[in-house]
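A short write-up of the structure that comes next.
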Amino acid sequence: MKLLSLFLSFAKVGVMTFGGGYAMIPILEREIVDRQGWASSEELMDYYAVGQCTPGVIAVNTATFIGYKVGGIAGGIIATLGVVFPSLVIITLIAGILTNFADIPAVKSAFSAVRVCVCVLIFNSVLKLWKGAVKDKGALVLFLLVFVLSVFFDISPVVFVLLCAASGIVLTRMGVRGK
Amino acid sequence: MILLRLFWEFFKTGLFAVGGGMATLPFLYDMSTRTGWFTQAKLADMIAVSESTPGPIGVNMATYVGFETAGIPGAVTATLGLICPSIIIILIIARVLKQFRENKTVDAAFYGLRPCSVALIAAAGMLVAKITFLNPEALTTGNGIAGYAGLFRWKAIALAAVLLVATRRIKPLKKLHPIVFIAASAVIGILFSF
């Protein structure tokens, strides 16, 4: 029973989240803290903070955390499946429909303009992330190196992620951080 | 076989994309160039749909790519691939949450990971911008100065300028959900035949 209500609650969170990230906090707060009492606001913030700095989609990470707390490993898995379930249904429907309409000129025009909007949205989220990520010279050098190398060379992002995690540790040990 | 590859590609994305939904973008871009499962223009469309539908962006994009590549089984496989590393990692961390948050080495690694993540997203964004704002064919037609003017998609540049001002400078508009700007852009695209 507990597993079923975990699944349903997180499916609800999945349906009500547009865009993920911070947009999810008020919805999680209402469903998980107020309605179900599965976690306190402070715990939720902790999960969220860790979910943000571990690999993967933040919404998924947070769901796994709360699910685990409520129902152990099975709970973690069920809550995570719940949060992705609406995406699976909705996106599959939309993708199926769009494939059939993709050749209509009006649809093509609409998407050419929407692509412009996507560029602006990416630009905005880069600026927002930049503020939290690049606070000193060491971080700026890492940013520039990764940016230039990944624009001009065909290198897998995995390589950058591994090298930068190692550089972060080395730079911190060397005392470069914060300068 | 394609399902196995889809699972593996998205497992890698879930394992290495740090910092939320948009962080999956560089991995999807890399996937498009290596596998040819979808074009880069298609990727931009998928971002738009993922931003304007319910659900976390990263999950939506995985489902979309999976569906485009191998139908409904593909959508399910890609999504499961993406969330698998999260489940494993979080279940491990959940037991040692406090130590993890206070661990100096973890913190130091993230000092390096954060700028890396922003740079990767910025670089992938640049490549989406290239196909959105430029007409590379214009250079090969040899029209001289006119050819160079044709290199830029002027309508797209004008719309980007308007959107930048609207999303960053005008207070009442700044707070609106991205879906509003995406919908407005779609209407403008149809009206001005982009």
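Please work out which residue is surrounded by the most Cβ atoms within 10 Å (Cβ to Cβ), limiting yourself to segment B:72-97 and to residues that are more than 7 Å from chain A (Cβ to nearest Cβ) and β-branched (Val, Ile, Thr).
So, considering only residues that are more than 7 Å from chain A (Cβ to nearest Cβ) and β-branched (Val, Ile, Thr), the one surrounded by the most Cβ atoms within 10 Å (Cβ to Cβ) is B:77.
Count, please, the residues in segment B:33-49 that happen to be without any contact (Cβ under 8 Å) to a residue 24 or more places away in the chain and either of a type in the set (S, T, N, Q) or buried (at least 16 other Cβ atoms within 10 Å of the Cβ) (or both).
Residues in segment B:33-49 being without any contact (Cβ under 8 Å) to a residue 24 or more places away in the chain and either of a type in the set (S, T, N, Q) or buried (at least 16 other Cβ atoms within 10 Å of the Cβ) (or both): 5 in total.
Looking only at segment A:153-167, count every residue that is of a type outside the set (A, V, I, L, M), surrounded by fewer than 17 Cβ atoms within 10 Å (Cβ to Cβ) and either at pLDDT 95 or above or in contact with a helix residue (DSSP H, G or I) (Cβ under 9 Å, 6 or more places away or on another chain) (or both) and tell me the total.
2
Whether any residue in segment B:78-89 is free of Cβ contacts under 8 Å to residues at least 24 places away in the same chain, farther than 27 Å from residue A:171 by Cα and in the same structural domain as residue B:38 (by TED's automatic domain parsing) is what I want to check.
Yes, the conditions are met somewhere in segment B:78-89.
Go through segment A:4-62 and report how many residues are of a type in the set (S, T, N, Q), closer than 21 Å to residue B:50 by Cα and outside any helix (DSSP H, G or I).
The number of residues fulfilling the criteria is 1.
Inside segment A:122-152, can you point out the residues that are surrounded by 17 or more Cβ atoms within 10 Å (Cβ to Cβ) and more than 7 Å from chain B (Cβ to nearest Cβ)?
Across segment A:122-152, the qualifying residues are A:138, A:145.
So, in segment A:52-74, how many residues would count as being buried (at least 23 other Cβ atoms within 10 Å of the Cβ) and more than 7 Å from chain B (Cβ to nearest Cβ)?
Summing the residues that are buried (at least 23 other Cβ atoms within 10 Å of the Cβ) and more than 7 Å from chain B (Cβ to nearest Cβ) in segment A:52-74 gives 4.
Looking only at segment A:88-136, which residues are among the charged types (D, E, K, R) and either more than 18 Å from residue B:188 (Cβ to Cβ) or touching a strand residue (DSSP E or B) at 6+ places or on another chain (Cβ under 9 Å) (or both)?
Answer for segment A:88-136, where residues must be among the charged types (D, E, K, R) and either more than 18 Å from residue B:188 (Cβ to Cβ) or touching a strand residue (DSSP E or B) at 6+ places or on another chain (Cβ under 9 Å) (or both): A:103, A:128, A:131, A:135, A:136.
Please count how many residues of segment A:96-120 are surrounded by 22 or more Cβ atoms within 10 Å (Cβ to Cβ) and either of a type in the set (D, E, K, R) or farther than 24 Å from residue B:126 by Cα (or both).
The total comes to 1.
Somewhere in segment A:38-48, is a residue under 27 Å from residue A:158 (Cα atoms), touching a Ser or Thr at 6+ places or on another chain (Cβ under 9 Å) and surrounded by fewer than 23 Cβ atoms within 10 Å (Cβ to Cβ)?
Yes, segment A:38-48 contains at least one residue that is under 27 Å from residue A:158 (Cα atoms), touching a Ser or Thr at 6+ places or on another chain (Cβ under 9 Å) and surrounded by fewer than 23 Cβ atoms within 10 Å (Cβ to Cβ).
Would segment B:150-158 turn up any residue that is modelled with pLDDT under 85, in a helix (DSSP H, G or I) and not basic (Lys, Arg)?
Scanning segment B:150-158 turns up at least one residue that is modelled with pLDDT under 85, in a helix (DSSP H, G or I) and not basic (Lys, Arg).
The values are calculated or read from the model by the stated rules, or taken from the named source; none is laboratory data. Quick caveat, the model's predicted, so the values are computed rather than measured. Here Cβ is always computed from backbone atoms with ideal geometry, including for glycine, and neighbour counts include all displayed protein chains.
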